[in-house]
Amino acid sequence: MSPENDKKILAEAHKTKLLNAGIPEKMIETAGIFSVTADEIYQLTGVKVFSTGIAFPYPGENNFIRIRLDAPKGDLKYVSAIGAGCRLYVPPGADLNAETVVITEGEKKALVAVTRGINCVAVAGIDAWREKGPLGEKQAPGDAILGRLKKDWSGQTVILVYDSDITQSHKRWNAFPTLAEILYDLGAETVKIFSLLALPDLNKTGLDDFILAYEKAGEDAVSRFWTLAGKTPEWLPMGTGAEKYASARLKSADPEAQVRGAAALLAAKGEYILQQTLAAIMKAGAAKMLAKSAKKALEEAEARQKCTWKPDPGAGAQESVAITDVFPPAAQVISPEFPMPPVNLEGWGWDIEGGKIVRVKTSDDGSRIVRPGVDTVALLTAWLSPVEEGGEEKWELSWLQNKKWVRRHFSSGVLFDTREKQTLIKAGVEINSNNAEIAVEWFHSLRVLVTQNGVTLPTVRTVSRCGWHELDGKPIFVLGREVITPDAGALPPTADGGENPPELEKPDDIDWAGDVSPLERQILASFGVRGDPAKHKEFLLSACLKHPAIAFGIGCAAGAPLIKLAQGAGLAPDFAGFTVMMCSRDAGRKRHQGKTTWSQVVASFYGNPAVGENGRIRYADRTGVSTGVLLSTCCDLTVHLDELQLMNRGTGKRGGKNEVEHFVRTVTQGMDRERGARGGGGRRTRTFRTVVFATAESDVTVSFETGGGAHDRIMKLPQLLSEESDENRAEAEYMSAFCMKNYGWAGKEYLQWLLELTAAGKESEIAAEIERAVSTIREYFLPDDDRRGSAGRLATRAAIGLAGLSLWLEQIGATKDAAKKAFASFLAAWKQVCDGIEHERIDEKILAVIQSYVAANQDRIYGLRGDAEPRNPVKWVGAKAKIQGKECVVLFENDLAEEIERRISGMAYEQAREILKSDGWILVKKDGNKTRYTQKVHKGSLSGQGLAFPIELLFPPDAEEGKEVGDENMDVPF
């Protein structure tokens with residue numbers, strides 16, 4: 001709409017008024033400001049007034065104008081077209097895309113500022129940066145923001161300037177802070193908010209008043225303004241804008257910026273998300289220091305930024321009443337004393353009418369205003385507070401549905417964030433897109449009563465992983481579904497050894513989080529006890545004395561809960577876990593070597609040693625998410641994987657020869673891939689400390705990158721049984737059967753004992769035990785060749801196992817003689833670990849590749865698999881033959897060359913062949929002045945030629961089974 005006369009005239013009185021307000025005549029003309037009569041105001045806006053006014057056209061807003069009345073109509077000083085909503089005033093000369101944009105309230109202020117070189121735009125009022133929906137409905141702040149403000153603000157600084165009367169003690173203080181959150185979410189680099197200083201002789205000071213006052217005093221008003229802006233700290237977002245703000249600041253090299261970013265993330269997402277985010281980008285020590293600084297920065301920002309206005313108790317504030325008084329059915333789920341939340345800063349309170357939550361307010365004339373809220377009665381009925389530091393807070397939400405109360409657990413991030421409304425809707429909570437915002441306000445008001453106002457709700461301390469925790473300053477340990485406390489007492493023995501005695505009592509206020517996934521439930525169920533405690537411990541001790549690999553495994557299993565203590569003492573600075581793998585070294589066989597038996601014996605230390613979904617041993621052919629869930633759930637304990645070679649046989653993103661290498665590194669660093677956790681109970685990035693025991697049909701480490709460091713993160717043992725025999729098979733079957741009937745006791749009692757030590761303040765003694773173990777390992781044996789460096793690094797991992805074995809032997813009261821033998825058995829296994837370390841010399845590397853090639857392809861080497869005649873369509877890669885009087889394996893050249901060049905980067909086959917020849921590892925033949933490298937073989941219908949290797953070179957003999965290596969007279973660490 002426009003006036004009937006096309007010529008827009010500015011009355012002299014209005015022009016003088018504008019000039020006196022500090023707006024130059026040229027700007028008045030450029031801005032197109034004009035005068036309007038009462039009739040013209042009605043024609044332009046549809047609002048009937050009895051006053052003239054000054055019309056301010058809004059450039060770029062389709063003829064939108066806003067009119068300042070000369071004679072206000074009550075509190076109505078400005079009018080615009082009915083239904084037109086709000087617009088952003090961008091005066092001539094202002095640039096919304098400039099590096100710095102100032103936003104204030106009122107067109108005159110923006111015009112005065114722009115003419116002084118301040119890039120300023122204006123909103124019609126401090127809340128007028130938002131608009132209603134197409135039907136006049138209230139929208140969420142992010143959706144309601146004015147169209148010209150809803151842009152990409154990346155790299156820009158925005159300064160929001162209040163008049164002097166809008167301070168933290170004003171009830172409308174939160175208007176610009178809400179806008180600041182949205183601007184950060186839209187990419188703004190920096191947002192600042194400040195109130196102008198109140199100047200003498202003025203009721204309040206606006207930006208135009210500020211500039212004119214200093215100009216009249218002969219001061220540089222613009223410099224004064226920028227000085228004030230420069231001294232103002234940047235606004236710390238704590239809501240919608242916090243994530244983008246935190247992401248940018250945490251990537252900064254500026255320590256102060258990092259602190260602000262961490263503080264914003266702490267405010268918006270809580271301590272758990274902050275800890276996980278920092279752990280993903282920096283070392284533990286730096287993350288801890290940054291988190292501490294962030295807490296302090298957040299406290300300072302909250303004091304500087306929060307609204308301190310409180311309603312007048314005598315001005316109609318809602319009288320405190322109990323929810324059950326208003327809605328008696330609520331007594332089924334909450335205490336009769338639980339109060340209705342008080343009125344908010346704008347005077348709105350809560351009520352329950354017709355089985356629905358509604359908003360209520362007393363108007364100025366005393367009448368009651370009621371607004372729709374939530375279409376059912378939904379209440380917070382329990383507080384699930386995490387035990388672990390940085391854990392995710394959860395709440396029990398109960399809502400009335402078909403006259404019955406439905407109870408579900410939701411995280412704070414779901415209940416108090418409108419963006420997560422779909423989770424609530426899918427769970428059956430009766431909210432929708434239109435009332436989600438008010439539902440979140442209702443839930444939040446209930447939460448504040450509990451967390452800040454001392455209202456009591458049933459509080460359950462929750463855990464979401466096994467391992468060490470602290471409750472009220474005392475250590476506790478979670479073993480599966482069981483919570484072990486220092487004062488639980490000794491485990492009662494069974495009468496006949498056949499039934500399980502009662503489990504240790506757990507405190508009534510500790511439980512597992514309610515969102516445990518099906519996979520996590522399976523994992524937790526594998527921890528438990530069965531059979532006779534005394535027989536179980538006696539069996540494990542006997543197995544340790546006879547089999548070095550079992551002594552090593554039991555020691556490392558007992559060492560798993562020591563990793564946290566070692567980290568605290570600075571004894572494990574570079575690892576949060578390690579892997580122990582048993583694989584075949586005899587390439588001629590792949591069965592009946594005791595690998596699974598070994599894993600079962602070790603797995604029985606803490607629980608059910610069955611293989612599969614019901615037991616502690618799980619197959620390695622798993623997704624990345626499920627592997628992360630497995631590792632994190634078993635924190636401070638052990639993980640057991642069978643058939644580790646399957647991990648490298650996946651396809652797509654999971655496939656590839658380096659998957660095992662990545663897994664080994666993951667275990668060492670104690671942190672999973674950062675990802676969404678569809679199977680992990682809502683936890684995004686999982687952390688853990690664990691010892692992994694794995695078995696494999698072949699040495700999967702041969703595919704590790706040379707020099708990549710992964711070889712220093714895994715300890716390899718040879719098969720438990722060195723040869724297949726009826727006696728060995730019978731022993732393996734006996735050990736497996738025994739473990740299936742007696743398990744879990746050794747680890748459970750050991751953890752109880754260890755917990756009592758830590759509760760008594762004896763962590764330093766445990767740390768000293770680990771230090772002695774490191775010295776013992778290194779003094780006992782380190783290779784003298786190129787493997788010494790790797791062995792030295794692995795020694796710190798093995799020392800955790802040796803200390804664990806020593807402490808367990810002490811806990812069960814082993815005799816000194818038995819302890820010495822177990823100690824010697826462990827050290828014998830350590831020597832086997834050193835023997836299995838990958839060589840760094842190139843000739844040793846080539847030989848290792850060939851040995852693993854033979855091991856992996858034994859079924860395609862004629863004479864090794866025992867066939868009388870070749871059977872098509874097998875492709876043969878070699879044959880067993882006698883060459884120059886020696887038993888050899890001839891490996892056909894084409895396939896062998898491809899394998900060597902594939903496995904050793906930059907190695908030409910001809911070069912490798914020369915190295916093998918110079919070391920005397922292949923049989924060659926002189927033919928005049930030429931050297932013939934290849935040898936021909938003919939076996940029935942099979943014929944071919946290739947390199948001939950002495951068979952003993954490809955199949956080195958293993959140490960005799962059960963042979964005790966080590967000095968039994970060496971002092972036992974404890």
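Scan the stretch 909-929 and give yes if some residue there is assigned to a helix (DSSP H, G or I), of a type in the set (Asp, Glu) and without any contact (Cβ under 8 Å) to a residue 12 or more places away in the chain, otherwise no. Looking through the stretch 909-929, at least one residue is assigned to a helix (DSSP H, G or I), of a type in the set (Asp, Glu) and without any contact (Cβ under 8 Å) to a residue 12 or more places away in the chain. Just so you know, in the stretch 78-120 the residues that are in contact with a strand residue (DSSP E or B) (Cβ under 9 Å, 6 or more places away or on another chain) and of a type in the set (S, T, N, Q) include one that is farthest from residue 223 (Cα to Cα), and it is 80. Look through the stretch 36-63, keep the residues that are more than 18 Å from residue 89 (Cα to Cα), of a type in the set (S, T, N, Q) and surrounded by 15 or more Cβ atoms within 10 Å (Cβ to Cβ), and return whichever of them is modelled with the lowest pLDDT. Across the stretch 36-63, the extreme among qualifying residues is 51. Considering the stretch 837-862, the residues that are over 30 Å from residue 787 (Cα atoms) and modelled with pLDDT of 85 or more include one that is surrounded by the fewest Cβ atoms within 10 Å (Cβ to Cβ), namely 860.
Does residue 243 fit the bill of being under 19 Å from the mean Cα position of the chain (by Cα), of a type outside the set (Lys, Arg) and either under 24 Å from residue 101 (Cα atoms) or not in a helix (DSSP H, G or I) (or both)? It is true that residue 243 is under 19 Å from the mean Cα position of the chain (by Cα), of a type outside the set (Lys, Arg) and either under 24 Å from residue 101 (Cα atoms) or not in a helix (DSSP H, G or I) (or both). Just checking, which of 301, 297, 287, 267 is under 30 Å from residue 345 (Cα atoms) and without any contact (Cβ under 8 Å) to a residue 40 or more places away in the chain? Answer to the check: 267.
The rows are residues; the columns are (1) among the β-branched types (Val, Ile, Thr); (2) under 19 Å from residue 330 (Cα atoms).
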{"site": "419", "(1), (2)": "no, no"}
{"site": "423", "(1), (2)": "yes, no"}
{"site": "426", "(1), (2)": "no, no"}
{"site": "432", "(1), (2)": "no, no"}
{"site": "444", "(1), (2)": "no, yes"}
{"site": "455", "(1), (2)": "yes, yes"}
{"site": "467", "(1), (2)": "no, no"}
{"site": "480", "(1), (2)": "no, no"}
{"site": "485", "(1), (2)": "yes, no"}
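Scanning the stretch 761-788 for residues that are in contact (Cβ under 8 Å) with a residue 12 or more places away in the chain and either under 31 Å from the mean Cα position of the chain (by Cα) or not in a helix (DSSP H, G or I) (or both) yields 763, 764, 766, 767, 770, 781, 782, 783, 785, 786, 787. For the stretch 593-632, a tally of residues being under 23 Å from residue 752 (Cα atoms) and in a loop (DSSP other than H, G, I, E, B) returns 7. Against the conditions (1) at pLDDT 80 or above; (2) surrounded by fewer than 21 Cβ atoms within 10 Å (Cβ to Cβ); (3) under 25 Å from the mean Cα position of the chain (by Cα), residue 390 satisfies every one except (1). Screening the stretch 784-796 for residues that are over 16 Å from residue 714 (Cβ atoms) and either out of contact with any Asp or Glu (no Cβ under 8 Å at 6 or more places or on another chain) or buried (at least 22 other Cβ atoms within 10 Å of the Cβ) (or both) and picking the one that is modelled with the highest pLDDT gives 788. Condition first: of a type in the set (Gly, Ala, Ser), under 30 Å from residue 793 (Cβ atoms) and either out of contact with any strand residue (DSSP E or B) (no Cβ under 9 Å at 6 or more places or on another chain) or in a loop (DSSP other than H, G, I, E, B) (or both). Now tell me which residues in the stretch 707-748 satisfy that. Within the stretch 707-748, 707, 708, 709, 710, 722, 746 qualify. Does any residue of the stretch 788-795 turn out to be out of contact with any Ser or Thr (no Cβ under 6 Å at 6 or more places or on another chain) and under 18 Å from residue 558 (Cα atoms)? For the stretch 788-795, residues out of contact with any Ser or Thr (no Cβ under 6 Å at 6 or more places or on another chain) and under 18 Å from residue 558 (Cα atoms): present. Comparison of 87, 66 shows that the only residue that is in contact with a Leu (Cβ under 7 Å, 6 or more places away or on another chain) and at pLDDT below 95 is 87.
The values are calculated or read from the model by the stated rules, or taken from the named source; none is laboratory data. What you are looking at is a predicted structure, and each value in this text was computed from that prediction instead of being measured. Please note: Cβ atoms are built from the backbone with ideal geometry, for glycine as well, and neighbour counts cover all protein chains shown.
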